[in-house]
Amino acid sequence: MAKCLSSVCIVSHVVEGDFLRGIIATPARRALNREKIDSLEKLSDYSEKEIMQLHGFGKNAMQKLKVYMSENHVSFKNN
């Protein structure tokens, strides 16, 4: 019978909805989650205007997101 070591399980366990945790507020993270946007790569497929239209996303979240994306050398698509 196999045993699961807690340290191994914690490392391999990804908590759903943790994308951008601590960067933007929960309503904005939920908005991205509803659109199945769970990485910066997927986020870069959207324009800033498209993201701002999501329910739960506002100017404050967008400002923080743009700073974070810039720090990670990612940008929104141009429209």
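Nothing in this text is a laboratory measurement; each read-out follows from the coordinates by a stated rule. No experiment lies behind these values; they were computed from the predicted model shown. A quick note on method: Cβ atoms are made from the backbone with ideal geometry, for glycine too, and the neighbour counts reach across all protein chains shown.
Approximating the spin labels as points 7 Å out from Cα along Cα→Cβ, the Ser47-to-His73 distance works out to 2.7 nm. Label positions at Lys59 and Arg34, each projected 7 Å from the Cα along the C-beta direction, are separated by 2.2 nm. Label segment 24-79 by shape, choosing from rounded, prolate and oblate, from the square roots a ≥ b ≥ c of the eigenvalues of the Cα gyration tensor; if a/c is under 1.5 it is rounded, and otherwise prolate applies when a/b is larger than b/c, oblate when it is not. Here segment 24-79 falls in the rounded category.
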